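Working notes for the structure below.
The values are calculated or read from the model by the stated rules, or taken from the named source; none is laboratory data. In this text the structure is predicted, and so the values were computed from the model without any measurement. Note that we place each Cβ from the backbone using ideal geometry, even for glycine, and neighbour counts take in every protein chain shown. All accessible areas refer to the heavy atoms of the entire protein, side chains included, with ligands and DNA or RNA removed. Shrake-Rupley method; radii C 1.70, N 1.55, O 1.52, S 1.80 Å.
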Amino acid sequence: MEAYTGFAQVYDRFMDNVPYEDWAADIRRILVNNGISEGILLDLGCGTGSITRRMADYGYDMIGIDISEEMLQIAIEKKYDEEENIPPNSKREDILYLKQDMKDFELYGTVAAIVCTCDSLNYITKEEELLHIFTLVNNYLEAGGIFLFDMNTEYKYREILKDSVIAENRDDCSFIWENYFDKETNINEYQVTIFVEAQEQEISQSKSKLYEKFSETHYQKAYSIDVIRRLLEEAGMEFIGVYEAFSEEPPKDTTERVCFIAGEKFQTGKVYL
């Protein structure tokens, strides 16, 4: 089943604990440290545009790519409707959103940097497809460009999520998350059932809420740091570093999310943190 269709309309409500401001600030710091204070940035797997908009607020010309039309529609609506203190140099109005599959994305030209957050690349469950994405990234990066992305770790899937059920109930929506992790294939499957308030009607002189039900099945794969490094290098990129997202600390055995930085093969003197 196609992911992020029904879930798209409640995605931001259930992701309100994600520190997008901190993540965007960290991305900005890394970019500036590597001499990228302006230019075109691609947000690969942009979802509802939470990172895209914040990077546009730093003055970058943003492109957002996602396979979900529903998620992109929300991103476009938020670009115009959000009531926030938008900086005067923000380029939100100029954001270009494209409906594309990250496994075979196309751009009109090269970009200064490419970012991919919220474990989007864990959705790529075949090594050859991940290698192809890295090759495309390398092809579309300008000279001196860098690639920043985060991934969930094997530890998180194996020890934290594993075979568990997570449920959350709110006033206008709720969800049930049933998780299954196959240690043989390193494939994580989670089935999400969402109930979203639709309308109200009178029943027996009292108001009863009606809910729409959506069900989706998502698949992600756990990759080791060594495998990611090998695939980046096979794609012709330089593996610059990896750290615990989003911090300046090296990964530990109990790290749940890591952030990778890669660049062109023959770059030198990179100061990525």
Study note, to complete from the structure: Per the chain, sqrt(5λ) over the Cα gyration tensor eigenvalues, sorted largest first, in Å, gives 33, 24, 16
Exercise for review: Place a +1 charge on the Cβ of each Lys and Arg in the chain and a -1 charge on the Cβ of each Asp and Glu, then give the dipole magnitude about the Cα centre in debye, rounded to the nearest 20.
Suggested key: 440 debye
Review point. Once both axes come from the Cα atoms, what is the angle between helix 127-140 and the longest principal axis of the chain, in degrees from 0 to 90, rounded to 10?
Key: 60 degrees
**Study point:** Net length gained if the chain between ILE86 and GLN73 were fully extended (0.36 nm per residue, minus Cα distance)
**Key:** 2.6 nm
**Study point:** Cα→Cβ-extended label distance, 7 Å offset, between ASP171 and VAL32, nm
**Key:** 3.9 nm
Exercise for review: Calculate the translational D of the range 63-162 in whole µm² s⁻¹ from Stokes-Einstein, where the hydrodynamic radius comes from the Kirkwood formula applied to all Cα pairs, the temperature is 25 °C and the viscosity 0.890 mPa s.
Suggested key: 157 µm²/s
Revision key, fill the gap. Lys and Arg at +1, Asp and Glu at -1: neighbours of GLN100 with Cβ under 13 Å from its Cβ sum to -4
Review point. Counting only protein heavy atoms and using a 1.4 Å probe, what share of the accessible area of the chain belongs to carbon plus sulfur, as a whole percent?
Key: 46 percent
Review point. Considering the dipole of the range 56-116 built from charges on the beta carbon (Lys and Arg +1, Asp and Glu -1) around the Cα centre, which of SER68, ASN89, VAL111 is farthest to its positive end?
Key: VAL111
Study note, to complete from the structure: Burial-style ranking of 59-69, 234-244, average other-beta-carbon count within 10 Å with highest first, yields 59-69, 234-244
Check your understanding: Using the alpha-carbon atoms, what tilt in degrees (0 to 90, nearest 10) does helix 69-81 show relative to the longest principal axis of the chain?
Key -> 90 degrees
Check your understanding: For the range 96-137, what is the accessible area per residue in Å² when the probe is 1.4 Å?
Key -> 41 Å²
Check your understanding: Going toward the positive end of the dipole of the chain, with +1 on Lys and Arg Cβ and -1 on Asp and Glu Cβ, which of VAL18, ILE30, VAL165 do you reach last?
Key -> ILE30
Check your understanding: Pairs LYS78/LYS213; LYS91/LYS209; LYS126/LYS209: which exceed 32 Å Cα-Cα?
Key -> LYS91/LYS209; LYS126/LYS209
Practice item. Provide the solvent-accessible area of GLU178, counting protein heavy atoms only and rolling a 1.4 Å probe, rounded to the nearest 10 Å². Key: 60 Å²
Revision key, fill the gap. Pseudo-spin-label distance ARG158 to GLU129, built 7 Å along Cα→Cβ, given in nm, is 2.3 nm
